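Colleague: What follows is a structure written as structure tokens; I'll ask about it next.
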Amino acid sequence: MTALEEVLAPTSFRARAIDGLSAWLARRTSRRGFLVRSAVVGSALAVDTAGFALRPGTAYASVCGPGSTCGGGWTAFCATVNHGINTCPPGSIAAGWWKADGASLCGGRARYIIDCNATCSRCATAGRAGICSSGCWSCGCHCGPGGQCDQRKVCCNGFRYGQCNQQVRQVGGVVCRVVSCVPPWTFENCTKAVATDNATRDHSAPLLPGPWSNIKARYWQLGENGSALGPSVNAEFAVPGGRAQRYVNGRLSYKASTGPRFTVGAVAMRYAQLGNEAGILGFPTHDPIVIANARASVFEKGRISWHPLLGAYEVVGPLAVTYSAAGNELGVLKFPTSVPRRATDGEGRFSTFQRGRISWHPSTGAFWMGAEIAARYVALGAEGGRLGYPLRNELGLTAAKSSGFQGGRIVWVTAAGTFEVYDVLDTAYTGAGGETGQLGLPTAQEQTDDSGRWQQFEHGRITVDPSTGQATVSYDTQPSPTDSPTP
Amino acid sequence: MTTAVVALGVAVLLLSVLVAGLLRSHAEILKALHELGAGLELDKDGPVSVTIDGVSTPRTGDVSVPDSISGETLDGELLALSLLGQDTLVAFLSSGCSTCQEFWTAFRDDPPLPAGARLVVVTRGPGEESPSALEKRRPSSVPLLMSDETWEAFGVPGSPYFAYVDAAGRLVGEGSGASWQQVLDLLQQSRADALRRPSRRGPDRDDEVLRDAGIDRDSPSLWEAG
Amino acid sequence: MRLSGVSLALPAGWQAAARRNESGHVVLHAATIALPRSRGDFGSDVAPLLGADDVFCSLFEYDRASIETVLFSARGLPVVRPSDFAVGALQRSRPGQSGAQFFFTQAGRPFCLFAILGSHGRRVAGAARVNTLVRGMAIA
């Protein structure tokens, strides 16, 4: 009901009073008709005109924005017709572009739209440069696929913006459109001649990334289609604890505590195999680390390292902590060569590396050993063998390396080989100061004869009394200065 | 509450009487002016000018106007409009003249115009006008040109000033007014007078349009299938 | 009107607007209707306003280096024929309308002339109107 109608309809006291006054005046003046009308108008003007305010326009009603029907005359997006991938599909070529200024879909910046035109593959073309006749196009005119809102035209509009691939004399109609928040000449063969059309500012599609977000901002910083990630695939989506976006070559993951971080290439593929953000590694905490021609990515609960000759492998949980303490890919162990595996007892885990191994048990923790000792350890049955799980990281000595285990130790001596020292012998060896003690390094494997078990060292021997099981250390000569162990 | 309502009604009544009085005196003034022969009337020998207190004095005598006008827009574009093909009321305004303010206000939102006519506002060029002041007064749907050249071509003596050019490109009326409604009323009157004159349109005029388009009576395109 | 070496003698009944865009290139629009303030460079906001007898043209300039490419190998302003128009040759297809595009180089500058007709059925007269406009153009 308008203000005027409200005044005319004597439903409110105000209306009735004014109406009555007008009528009284009208009966008492020769110009009563005029005065009645004036009073009504005056009253109408006195009413708050807020009711006359225009009804607000319909809000942006769908994710596709305006002009999304086939009859709207616009062209569909490549993400709609190219399996969610925001790039020119096979059989098409970028032929031109324009920008729409102040696009919220690009965080208020310019939004660039690239036309992907069909090729003139069906016939030899003649005529002037630009667009070939529709009979020569590599596709036929139709509307966007059903079941979604981007119903715009596909391969219908025979128009060429003209900044891209100018070496191609003729192209066909526009197959679809690519969108970008970075200029198209950074990733397509296009010139910088600017064309502007703000009418398309809010055009979108369900399989495009969606509204501006932390992830979109990071993708923009990286260079979008021209970045290592490549074109987007489908829209951004929620994951437990955050959000994610897929790209042809990788993924961007966002969590408030980690920010937007990307994974790319083989690392991204392995991450996907492990369940991405909801998997054992959690969210990435850093952008990819470049190590010469290799890569690594760090996650909340581990790491994935990739080497072109080895592949991509994760190092998880406590093993990742130990790997980090050992210097990661640039440390003594180098790159991982296996995924984490279950030990033979079913309780522990181990990972192998180019130059060593890390073994972990919930009761002992994770410790690493270098290549020489690891090789001997594996030959002796590794975690399931007599030595059991490691109890300390490998120690580096001037002429030897040593790792301690639940059941003894392995000592690798330069130019001499590896030697194990088991149980009571190892206990006695430890008591005598180990590799830096008076006995020095082992010079032979354990022996057993009529006198019992014994093992020879540089400066002495440890023997085990067969009747008592006790070990005794005996020295050949006075002790000599030894090297300090290098951890 | 009742007192307030009654007081409101009395105020309304008084205002209404005042408005009625003003309207009546206004009508009487207009009637008097018409009886005096004032208004934008078509004259076979040329335009007839109207002068109201406080506004510019129009010129007398024949004035030729260009076929098109051009100038700079507030968006930084160069805009050119053909004065042929449609009746055009050219309003010469400035941001600084007090009498112009009513016209700026009237032109802000889709001002009413005689059927078939369009309105164009022309100000002085950027050297003599303030683009920022014009931006505040800018009409939403009326073209605005900044053009010293157009002022000179029309021999505009000052602002506000109006020139009415018919579709044939003839200056059929010019002058000033104190209000837009006044100008509109006089314009409508002059158009009504113009309708009584014989129209120039007809077969000769149609041939003229075709020739302008490069099509003479022997052009094969006239005989091609659509 | 004249802007950056592009001049136009406006035919009767037309309106034209020209500017230099962010690339420093000329964008010239001309139509037989009043040009709206907001216009896409190739007339997307103008096309819906065209009546059956109306015409819109856009003259759009490209980077100078483009004159070396095959796309801009044609020399000189085009002469437009009714057969140049096609209902599908539009940036945004609209029922009954048709368009024609011409890429060319003039005075060492690459351009595209794009014309929209309000009615494809009246392309004979429409092409003639475009030619009238083009005859009034000069590029230096």
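A short reminder: the numbers here are calculations on the coordinates, not readings from a lab. Source: prediction; values computed, not measured. Here the Cβ is made from the backbone with ideal geometry for all residues, glycine too, and neighbour counts use every protein chain on show.
Colleague: Give A:LYS216/A:LYS334; A:LYS216/B:LYS136; A:LYS255/A:LYS301; A:LYS99/A:LYS153 a once-over and call out the pairs whose C-alpha atoms are over 26 Å from each other.
Modeller: Cα-Cα > 26 Å for A:LYS216/A:LYS334; A:LYS216/B:LYS136; rest within.
Colleague: Starting from the Cα-Cα distance between A:ASP345 and A:THR414, subtract it from 0.36 nm times their residue separation and give me the gain in nm to one decimal.
Modeller: Taking A:ASP345 through A:THR414 to full extension adds about 21.6 nm, to one decimal.
Colleague: Let me ask something else about it. What percentages, rounded to whole numbers, describe P(r) for the stretch A:165-321 computed over all alpha carbon pairs with 5 Å bin width beginning at zero?
Modeller: The calculated distribution, bin by bin, is 2, 8, 16, 19, 17, 13, 9, 7, 5, 2, 1, 0, 0.
Colleague: Using the basic label-point model (7 angstrom from Cα toward the beta carbon), what is the A:ALA325 to A:THR427 distance in nanometres?
Modeller: If labels sit at A:ALA325 and A:THR427, their model points lie 2.6 nm apart.
Colleague: Over the whole of B:77-90, what's the average partner chain Cβ count within 10 Å per residue? Rounded to a whole number, please.
Modeller: Counting other chains' Cβ atoms within 10 Å and averaging over B:77-90 gives 6.
Colleague: Give, in whole angstrom and from largest to smallest, the semi-axes √(5λ) of the equivalent ellipsoid of chain A, with λ running over the eigenvalues of the Cα gyration tensor.
Modeller: With the √(5λ) rule applied to chain A, the semi-axes are 79, 34, 16 Å.
Colleague: Would you mind getting me the FRET efficiency between B:SER141 and C:ARG20? Use the beta-carbon distance for r and R0 = 25 Å, nearest 0.05.
Modeller: In this case the efficiency is close to 0.50.
Colleague: I'd like to know which of A:GLY91, A:CYS132, A:PHE77 lies farthest towards the positive end of the charge dipole of the stretch A:70-208, counting +1 on Cβ of Lys and Arg and -1 on Cβ of Asp and Glu.
Modeller: A:CYS132
Colleague: Roughly what percent of Cα-Cα pairs across the stretch A:70-208 reach past 27 Å?
Modeller: 15
Colleague: To the nearest 20 Debye, how big is the dipole of the stretch A:147-219 about its Cα centre, given +1 on the beta carbon of each Lys and Arg and -1 on that of each Asp and Glu?
Modeller: In total the dipole reaches around 80 debye.
Colleague: Select from A:GLY302, A:PRO66, A:CYS123 the residue farthest towards the positive end of the dipole of chain A; place +1 on Cβ of Lys and Arg, -1 on Cβ of Asp and Glu, and compute about the Cα centre.
Modeller: Ranked along the dipole, the leading option is A:PRO66.
Colleague: Which value, in debye to the nearest 20, gives the size of the charge dipole of chain A about its Cα centre, when Lys and Arg are +1 and Asp and Glu are -1 at the Cβ?
Modeller: That gives a dipole near 3600 debye.
Colleague: How much net charge surrounds A:GLY67 when only the other residues with a Cβ under 14 Å from the Cβ of A:GLY67 are counted, with Lys and Arg +1 and Asp and Glu -1?
Modeller: Value of the local net charge: +2.
Colleague: As I understand it, the dipole of the stretch A:364-487 uses +1 on the Cβ of Lys and Arg and -1 on the Cβ of Asp and Glu, about the Cα centre. Which of A:MET369, A:ALA428, A:VAL411 lies farthest toward its positive end?
Modeller: Most positive-ward Cα: A:MET369.
Colleague: Can you sort A:LYS216, A:LYS334, A:LYS301 by how many other beta carbons sit within 10 Å, fewest first?
Modeller: A:LYS301, A:LYS334, A:LYS216
Colleague: Kindly express, to the nearest 10 degrees and within the range 0 to 90, the angle between helix A:13-28's C-alpha long axis and the longest C-alpha principal axis of chain A.
Modeller: Approximately 10 degrees, to the nearest ten.
Colleague: May I pose another question? Please work out the C-alpha center-to-center distance from the stretch A:55-128 to the stretch C:60-134 and express it in whole Å.
Modeller: That distance is 22 Å.
Colleague: Can you tell me the 0 to 90 degree angle between the C-alpha axis of helix A:32-46 and the longest principal axis of chain A, rounded to 10?
Modeller: Between helix and principal axis, roughly 10 degrees.
Colleague: Given labels modelled 7 Å from the Cα in the Cβ direction, how far is it in nm from B:VAL6 to C:ALA65?
Modeller: 8.6
Colleague: Shielding of C:99-106 by partners, i.e. mean partner chain Cβ atoms within 10 Å per residue?
Modeller: 4
Colleague: If you take each beta carbon of peptide C:37-46 and count the beta carbons of other chains within 10 angstrom, what is the mean?
Modeller: Mean inter-chain Cβ contacts per residue within 10 Å come to 5.
Colleague: Charges at C-beta only: +1 for Lys and Arg, -1 for Asp and Glu. How large is the resulting dipole of the stretch A:70-208 about its Cα centre, in Debye rounded to 20?
Modeller: 240
Colleague: Compute the angle between helix C:123-135 and the longest alpha-carbon principal axis of chain C, please, reported from 0 to 90 degrees and rounded to the nearest 10.
Modeller: That works out to roughly 30 degrees.
Colleague: Compute the separation of the alpha-carbon centres of the stretch A:259-285 and the stretch A:198-258 and state it in Å as a whole number.
Modeller: So the separation of the two Cα centres works out to 15 Å.
Colleague: Could you tell me which of rounded, prolate or oblate describes the stretch B:65-142, using a ≥ b ≥ c as the square roots of the eigenvalues of the alpha-carbon gyration tensor, with rounded for a/c under 1.5 and, failing that, prolate when a/b is larger than b/c and oblate otherwise?
Modeller: In terms of gyration-tensor shape, oblate.
Colleague: A further question follows. Ranked highest first by average number of other Cβ atoms within 10 Å, how do A:123-133, A:434-444 line up?
Modeller: So the peptides A:123-133, A:434-444, ranked by packing, come out A:434-444, A:123-133.
Colleague: Hey, another quick one. From the C-alpha gyration tensor of chain C, pull out the three semi-axes of the equivalent ellipsoid (sqrt of 5λ each), sorted largest to smallest, in whole Å.
Modeller: Each semi-axis is √(5λ); the values are 22, 16, 14 Å.
Colleague: While we're looking at this one, here's another question. Take A:ILE280, A:ILE410, A:ILE85 and order them by how many other Cβ atoms sit within 10 Å, fewest up front.
Modeller: The order, fewest Cβ neighbours first, is A:ILE280, A:ILE85, A:ILE410.
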